[in-house]
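Q: There's a structure below that I have some questions on.
The values are calculated or read from the model by the stated rules, or taken from the named source; none is laboratory data. From a predicted model like this one, the values you see are computed outputs, not experimental measurements. All Cβ positions, even for glycine, are placed from backbone atoms using ideal geometry, and neighbour counts span all protein chains on display.
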Amino acid sequence: MSDQANENIESVLQETRSFPPPAEFVEQANISSKEQYEELWNRAKDDPAGFWGDLAQGLEWSQPYDQVLEGEMPETKWFTGGKINASVNCIDRHLDSWRKNKAAIVWEGEPGDTRVLRYQDLYREVCKFANCLKKLGVETGDRVTLYMPMVPELAIAMLACSRIGATHSIIFGGFSADAIADRNNDAQAKLVITADGGWRRGKNIPLKEAVDQSLEKSPSVEKVVVYRRTGCEVDMVPDRDYWWHDLMEDVSAECDPVELDSEHPLFILYTSGSTGKPKGVQHSTGGYLLGTMMTSKWVFDLKEDDTYWCTADIGWITGHSYIVYGPLANGATTVMYEGAPNWPDEGRFWEIIEKYQVNIFYTAPTAIRAFIKWGDEWPNKYDLSSLRLLGTVGEPINPEAWMWYHTVIGQERCPIVDTWWQTETGGIMMSPLPGVTATKPGSCTTPLPGVVPDIVTAEGESLGDNQGGLLVMRQPWPHMLRTLYGDHERFKDVYFSTIEGCYLAGDSARRDEDGYYWIMGRIDDVINVSGHRLSTMEVESALVAHPKVAEAAVVGFPHEIKGEGICCFVTLTTEDGSDELKNELKQHVRTQIGVVATPDEIRFAAALPKTRSGKIMRRLLRDIAAGRESTGDTTTLEDFNVIANLKQKED
Ligand code: PRX
């Protein structure tokens, strides 16, 4: 277990505060008693097919399924024989009621422009764009890359893909041209949908330019659709590049949805693992939709008249599941904001909450830590009384940040749901139920119905209370990943080969005497920088691709705002140990991976600490990066001078 994990455990072990749900919340909650929760959880555990089969009646199937659950992990299939379409479930089925006039997406652009799309509007735009995709030759089963800013057209493009059965692969706008090319090639994408640019802190982010560069190395891509957002200058290549608005001009506003197998791949989303190569996590249609629909309802206590806002970018799984598919499958109103939380000033999020009277607000601990730093005067300027529920996701929340969220934003009135899950799990796995669970700051509390976690040793033995170990899932759930695109062996190996019969989450955790789960950290070389998941290996491979770098070792270190920062220890092939070279290397990593992976620190070293068998001693480097005295065993260290030298550099 990492030292970071040990530190986390120490800080949360002292946490004894507990906050029961407020009575007025309980009264109106979708799930409102412990008995109700236990009944659901026990039924889902003892009879998963019966439990999920009943809930699946809440989706619209064009052909009923024959079997709810088939096979065992990792080869499980859900709702086999059933035919379904995600866009129908997120849009069409809301149109034969008053919901056709309900706001589906309430959007605010960074410069302050706004748009509201009713369900009927979304239907029209999605059908039209689905017809454009068809016109460009996209067929059921093709992969389509989306590299877009946070505009409604991103959600429209996702739903249009799903309408015709094309599998979307969204790449977060913070990734570079090289990263886009890697993903295009891995997915063999046929088409890319992008925009000229997107707004970020008043600046234009040149998205089309990055796509143009990526296409030099993406032979599978035939065509590009460009949405005009910022109006910046772009090169349009004839017969390859098409403006969104031109395509939309004369297409029909009706497009029959394709009836797809329940297991049809709705999307691929690349995420970092412990090697340098990102993994294409593939999700299904029926199971994924059911999971995101139900978890939205349970965890966010969604009601017909709620205004719900998740601040994630759709380029990450949180945006897929809890801005688009989960809320829309419930017929909810989902808010989408294009830009930065501190533009034009640090009050932007609170202004949006007041303006749209947001009831449910879901954000990340890294954002909360930034809000704390910016000062209470910002939220205090706005009326936040519409809020009734708060959520967090993506990384452990430190109890201090939790308390601030509770008092300053929630005004001690709103339950907080600390939701633990992953790109691979598709939807929330562990979280308080806001009308049931007494929350403890720093704990994601208890598993949702259908989720059967355990904490085990490396040999797979279940551990008792308060013993840290590997977090695993003992039962399949409908919204779990189905494979890693193009690499089913890696899928089986990474998640299912360590502990027999279980899904390995890659996190360490403990369960306390009340059955509450506390996430302690990753067990692999994945780091969590501002809630963005990165592999240290990915950054290392980027660094060693630079001609002046001989060797690189990358570790995370505790960072006040980001959660973890990126520290790179580098040995050089030259004598040049200048600050300019440090900046050049930082820039180099940005070019290779993207702005999300920008190193916080580059440290030049004469040598890296290695064991006698030649393995880099990352634990020691983590201690040095964190400025800690090392507690690690150094008896196998090849050369003690290496450590002395590295420490000296620090001083
Ligand atoms: O380490 C856990 C951390 O984020 C990882 C998953 O990252 P990603 O696939 O990018 O998905 C993030 C959004 C769902 C997990 O393995 N993590 C996520 N949520 C929490 C968390 N750690 C602690 N508490 C959480 N609530």
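Q: Could you tell me whether region 60-67 includes any residue that is surrounded by fewer than 23 Cβ atoms within 10 Å (Cβ to Cβ) and either free of Cβ contacts under 8 Å to residues at least 12 places away in the same chain or in the same structural domain as Ala155 (by TED's automatic domain parsing) (or both)?
A: No, the conditions are met nowhere in region 60-67.
Q: Every residue in region 403-431 that is part of a loop (DSSP other than H, G, I, E, B), away from the ligand (no atom under 11 Å from the Cβ) and in contact (Cβ under 8 Å) with a residue 24 or more places away in the chain, please.
A: Across region 403-431, the qualifying residues are Gln411, Arg413, Cys414, Pro415.
Q: If you don't mind, another one. Kindly provide the set of residues from region 88-117 that are part of a helix (DSSP H, G or I) and loosely packed, with under 14 Cβ neighbours inside 10 Å, ordered by number.
A: Once the filter is applied, which keeps residues that are part of a helix (DSSP H, G or I) and loosely packed, with under 14 Cβ neighbours inside 10 Å, region 88-117 yields Trp98, Asn101.
Q: Shifting gears a bit: Could you look through region 12-37, keep only residues that are part of a helix (DSSP H, G or I) and more than 23 Å from Leu390 (Cα to Cα), and pick out the one that is modelled with the highest pLDDT?
A: Glu35
Q: From the list Val221, Val225, which residue is part of a loop (DSSP other than H, G, I, E, B), surrounded by 20 or more Cβ atoms within 10 Å (Cβ to Cβ), under 26 Å from the mean Cα position of the chain (by Cα) and of a type in the set (Val, Ile, Thr)?
A: Val221 is the lone residue from the list that is part of a loop (DSSP other than H, G, I, E, B), surrounded by 20 or more Cβ atoms within 10 Å (Cβ to Cβ), under 26 Å from the mean Cα position of the chain (by Cα) and of a type in the set (Val, Ile, Thr).
Q: Separate question: Given the condition in contact (Cβ under 8 Å) with a residue 40 or more places away in the chain, among the hydrophobic types (A, V, I, L, M, F, W, C) and touching a helix residue (DSSP H, G or I) at 6+ places or on another chain (Cβ under 7 Å), answer yes or no: does some residue in region 148-155 qualify?
A: Scanning region 148-155, I find at least one residue that is in contact (Cβ under 8 Å) with a residue 40 or more places away in the chain, among the hydrophobic types (A, V, I, L, M, F, W, C) and touching a helix residue (DSSP H, G or I) at 6+ places or on another chain (Cβ under 7 Å), so the answer is yes.
Q: Turning to a different aspect of this structure: Can you tell me which condition Gly531 does not meet? The list is (1) within 18 Å of the chain's Cα centre (by Cα); (2) at pLDDT 95 or above, and all the others hold.
A: In the conditions (1) within 18 Å of the chain's Cα centre (by Cα); (2) at pLDDT 95 or above, Gly531 misses (2) alone.
Q: A follow-up question, please. Looking only at region 438-467, how many residues end up being assigned to a loop (DSSP other than H, G, I, E, B), at negative phi and either within 14 Å of the ligand (Cβ to nearest atom) or touching a helix residue (DSSP H, G or I) at 6+ places or on another chain (Cβ under 6 Å) (or both)?
A: The number of residues fulfilling the criteria is 9.
Q: On to the next question. Could you name every one of the helices (runs of 4 or more DSSP H) located completely within region 344-402 that has at least 2 residues being within 16 Å of the ligand (Cβ to nearest atom), under 20 Å from the mean Cα position of the chain (by Cα) and closer than 24 Å to Ile317 by Cβ?
A: Helices (runs of 4 or more DSSP H) meeting the threshold: 365-374.
Q: Of all residues in region 169-192, which are part of a strand (DSSP E or B) and farther than 17 Å from Asp235 by Cβ?
A: Ser169, Ile170, Phe175, Leu191
Q: Inspect all residues belonging to region 161-170 and state whether any of them is assigned by TED's automatic domain parsing to the domain that holds Gly231 and at positive phi.
A: The answer is yes, given that some residue of region 161-170 is assigned by TED's automatic domain parsing to the domain that holds Gly231 and at positive phi.
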